[in-house]
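J.: Have a look at this one.
Values in this text are rule-based calculations from the coordinates and carry no lab data. None of the values given here were measured: they were computed from a predicted structure. Reconstructed Cβ throughout: ideal geometry from the backbone, glycine too, with neighbour counts over all protein chains shown.
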Amino acid sequence: MKISFHLNAKEVSVDVAADRKLVRVLREDLALTGTKEGCGAGECGACTILVDGDPRLSCLMTVAQIQDRHVTTIEGLAANGEAHPVQEAFIEKGAIQCGFCTPAMVLASVALLDKNPDPTRGEIREGLSGNLCRCGGYVKIVDAVEAAAIAIRRGNPK
Amino acid sequence: MRDVFLPRSLEKLWTYLDESPGALVFAGGTDLLVKTFNGFPEGEALVCLDRIDELKEICQQGESIWIGACATHSGMVASRLVRNTLPALWKAVGEIGSPPVRNMGTIGGNICTASPAGDTLPPLYAMKAEVEILCREGARRLPIAQFIHGPGATGLQKAEIVSAVRIPKPQGLNLQHFEKVGLRSALACSVASLAALARLSPDRVVEEVSLAWGSVAPTVFTCPQAEETLVGRPLCAASLREAAEIVRHRVRPISDVRADAEYRRTVAGNLLLRLGTLS
């Protein structure tokens with residue numbers, strides 16, 4: 001089945017079985033391996049992508065459901081070669097350990113800051129509550145989102 | 001491989017269901033797709049309702065609030081109408097799963113999944129909600145307690161969908177509460193939950209009360225005996241203790257990976273005791 005959608009601001013079409021798991025199509029057919037498949041059951045958030053700007057789980061979607069939607073994966077954040085302020089902040093604050101949760105954590109943070117540019121630490125925790133970090137590095141992740149919020153509000157793209 | 005249909009209108013939906021009467025209908029997919037990606041049930045086509053806009057609306061109709069089956073949990077959290085008129089449901093949907101799960105999962109899906117731990121269900125039972133069922137030939141309505149038969153079992157027939165839930169607007173209630181106990185605050189199934197709606201007199205005498213628990217029986221647990229114990233008396237530790245004792249006797253919890261039955265029994269009572277601490 002031919003499925004057309006917007007992926008990281010480009011129009012793409014794939015010809016695949018309609019019931020394939022979206023995360024597999026992203027990774028295996030489109031070579032976008034930033035999106036991770038963790039639990040496959042909606043309990044870890046590692047496969048989070050943005051669909052029309054909102055975080056959704058690509059392990060719980062068939063590829064057919066993405067028809068005509070706008071999908072952002074982690075690869076789409078730095079499409080022009082320059083890291084997104086949230087990515088910068090994650091690097092600066094050392095908010096990465098093994099890195100498996102990081103792409104999803106970053107995307108969830110971007111979506112959160114889009115809706116709430118000045119979140120409290122509690123609101124950041126709530127906003128990222130769908131993403132597990134099994135290294136347990138949550139404190140630095142919250143630090144990074146706080147720092148990114150400040151950077152974005154200052155209009156500093158770095 | 002299964003076909004996946006994305007009808008954009010009810011008319012298209014009925015056509016698909018005529019062609020594939022055994023199709024599995026879903027909205028957010030947070031429950032069903034976990035199963036289908038693991039290969040069961042086999043072979044049936046999938047029909048996703050998520051593009052049918054008329055199933056997403058949330059509005060007031062007379063003395064009822066009408067919530068389309070495909071309204072997402074996030075959509076309900078964002079709805080001023082739900083927040084202001086149905087605070088117990090609003091609290092419950094805000095605690096379901098996680099932000100991405102709430103962006104996908106819907107109230108219709110939560111109802112049709114008919115999990116004993118479905119977090120929208122205790123408020124819907126406590127508010128005496130009705131489920132609207134639609135097929136090509138027409139619509140019917142069932143009280144939610146009659147629609148849900150058991151874990152994963154509902155009164156939905158082939159070629160029917162749940163189109164909406166209709167909730168009588170709570171009138172004159174000054175206590176509208178939901179509390180969920182899970183093993184952590186997010187991404188956690190309820191171990192026990194309680195929706196409580198009550199009308200209290202100025203001196204806190206219970207004039208009317210409706211209680212419904214999740215995760216402590218095969219379906220949402222209601223307890224007219226506990227409600228009768230509370231009515232006509234002040235909402236205080238003594239009356240709540242008495243009612244909680246009745247509840248602990250009557251719940252039918254199971255032991256599973258999340259909690260054992262005795263713990264659920266205890267928490268079911270304790271959730272009621274905590275009503276005494278609400279201002």
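J.: Hey, among the residues in segment A:45-56 that are in contact (Cβ under 8 Å) with a residue 24 or more places away in the chain and more than 8 Å from every other protein chain (Cβ to nearest Cβ), which one's farthest from A:THR72 (Cα to Cα)? Talk me through it step by step, then tell me what you get.
T.: Within segment A:45-56, the first condition is being in contact (Cβ under 8 Å) with a residue 24 or more places away in the chain, and the residues that meet it are A:45-50, A:53-55.
Cutting the leftovers down to more than 8 Å from every other protein chain (Cβ to nearest Cβ) gives us A:46-47, A:49-50, A:53.
Values: A:ALA46: 14, A:CYS47: 12, A:ILE49: 6, A:LEU50: 5, A:GLY53: 8 Å.
For segment A:45-56, the residue satisfying everything is A:ALA46.
J.: For the subset of segment B:116-143 comprising residues that are small (Gly, Ala, Ser) and under 23 Å from B:GLN176 (Cβ atoms), which member is surrounded by the fewest Cβ atoms within 10 Å (Cβ to Cβ)?
T.: Residues of segment B:116-143 small (Gly, Ala, Ser): B:117-118, B:126, B:129, B:138-139.
Still in the running and under 23 Å from B:GLN176 (Cβ atoms): B:117-118, B:126, B:129.
Numbers: B:ALA117: 22, B:GLY118: 28, B:ALA126: 26, B:ALA129: 26.
It comes out as B:ALA117.
J.: Let me ask you something else. Residue by residue through segment A:43-66, note down the ones that are in contact with a Gly (Cβ under 7 Å, 6 or more places away or on another chain) and assigned to a loop (DSSP other than H, G, I, E, B).
T.: A:CYS44, A:GLY45, A:ALA46, A:CYS47, A:MET61
J.: Let me ask something else about it. Give the residue that is farthest from B:GLN176 (Cα to Cα), with candidates limited to residues of segment B:205-256 that are part of a strand (DSSP E or B), among the aliphatic types (A, V, I, L, M) and more than 22 Å from the chain's Cα centre (by Cα). Give the derivation first.
T.: Step one: list which residues in segment B:205-256 are part of a strand (DSSP E or B), which gives B:205-214, B:221, B:234.
Next, only the ones that are among the aliphatic types (A, V, I, L, M) stay: B:205-206, B:209, B:211-212.
Pick out the ones that are also more than 22 Å from the chain's Cα centre (by Cα) and you get B:205-206.
Values: B:VAL205: 15, B:VAL206: 13 Å.
Going through the qualifying residues, I end up with B:VAL205.
J.: If you don't mind, there's one more thing I want to ask. Any chance you could count how many residues in segment B:34-59 are in contact with a helix residue (DSSP H, G or I) (Cβ under 8 Å, 6 or more places away or on another chain) and under 13 Å from A:ALA64 (Cα atoms)?
T.: Adding up the residues that qualify gives 6.
J.: Still on this structure: In segment A:16-37, which residues are among the acidic types (Asp, Glu), over 13 Å from A:GLN65 (Cα atoms) and within 13 Å of another protein chain (Cβ to nearest Cβ)?
T.: Applying the first criterion (among the acidic types (Asp, Glu)) to segment A:16-37 yields A:19, A:28-29, A:37.
Still in the running and over 13 Å from A:GLN65 (Cα atoms): A:28-29, A:37.
Within segment A:16-37, just A:GLU37 meets the criteria.
J.: So which residues in segment A:1-42 are among the acidic types (Asp, Glu) and either assigned to a strand (DSSP E or B) or touching a Lys or Arg at 6+ places or on another chain (Cβ under 8 Å) (or both), if there are any at all? Before the answer, list the steps.
T.: Initially, segment A:1-42 is screened for residues among the acidic types (Asp, Glu), giving A:11, A:15, A:19, A:28-29, A:37.
If the condition is that a residue be among the acidic types (Asp, Glu) and either assigned to a strand (DSSP E or B) or touching a Lys or Arg at 6+ places or on another chain (Cβ under 8 Å) (or both), then A:GLU11, A:ASP15, A:ASP19, A:GLU37 are the ones that fit.
J.: Which of (1) touching a residue at least 12 places away in the same chain (Cβ under 8 Å); (2) more than 14 Å from every other protein chain (Cβ to nearest Cβ) does B:PRO202 not meet, given it meets every other one?
T.: Result: B:PRO202 passes all but (1).
J.: Please return the ranges of strands (runs of 3 or more DSSP E) entirely within segment B:25-69 where 2 or more residues are within 9 Å of another protein chain (Cβ to nearest Cβ) and not hydroxyl-bearing (Ser, Thr, Tyr).
T.: Working: elements: B:46-48, B:58-61, B:64-68.
Answer list for segment B:25-69: B:46-48.
J.: Consider segment B:74-96. How many of its residues are crowded, with 24+ Cβ neighbours inside 10 Å, under 22 Å from A:GLU43 (Cβ atoms) and touching a residue at least 40 places away in the same chain (Cβ under 8 Å)?
T.: Within segment B:74-96, residues that are crowded, with 24+ Cβ neighbours inside 10 Å, under 22 Å from A:GLU43 (Cβ atoms) and touching a residue at least 40 places away in the same chain (Cβ under 8 Å) number 1.
J.: Name the residues in segment B:17-53 that are touching a Leu at 6+ places or on another chain (Cβ under 7 Å), over 17 Å from B:ARG2 (Cβ atoms) and surrounded by fewer than 20 Cβ atoms within 10 Å (Cβ to Cβ), would you?
T.: Within segment B:17-53, just B:ARG51 meets the criteria.
J.: Only one of A:CYS101, A:CYS59 is in contact (Cβ under 8 Å) with a residue 40 or more places away in the chain, closer than 18 Å to B:SER98 by Cα and either more than 14 Å from chain B (Cβ to nearest Cβ) or not small (Gly, Ala, Ser) (or both). Can you tell me which? Please lay out each step first, then the result.
T.: Details: A:CYS59 fails: in contact (Cβ under 8 Å) with a residue 40 or more places away in the chain.
Exactly one of A:CYS101, A:CYS59 is in contact (Cβ under 8 Å) with a residue 40 or more places away in the chain, closer than 18 Å to B:SER98 by Cα and either more than 14 Å from chain B (Cβ to nearest Cβ) or not small (Gly, Ala, Ser) (or both), namely A:CYS101.
J.: When segment A:104-131 is examined, which residues are found to be surrounded by fewer than 22 Cβ atoms within 10 Å (Cβ to Cβ) and either assigned to a loop (DSSP other than H, G, I, E, B) or of a type in the set (Phe, Trp, Tyr) (or both)?
T.: A:ASN116, A:PRO117, A:ASP118, A:PRO119, A:THR120, A:SER129 - these are the residues of segment A:104-131 that are surrounded by fewer than 22 Cβ atoms within 10 Å (Cβ to Cβ) and either assigned to a loop (DSSP other than H, G, I, E, B) or of a type in the set (Phe, Trp, Tyr) (or both).
J.: Could you please find all residues in segment A:1-15 being surrounded by fewer than 20 Cβ atoms within 10 Å (Cβ to Cβ) and either basic (Lys, Arg) or within 14 Å of chain B (Cβ to nearest Cβ) (or both)? Full working, then the answer.
T.: First, the residues of segment A:1-15 that are surrounded by fewer than 20 Cβ atoms within 10 Å (Cβ to Cβ): A:1-2, A:4-6, A:8-15.
Matches in segment A:1-15: A:MET1, A:LYS2, A:SER4, A:PHE5, A:LYS10, A:VAL14, A:ASP15.
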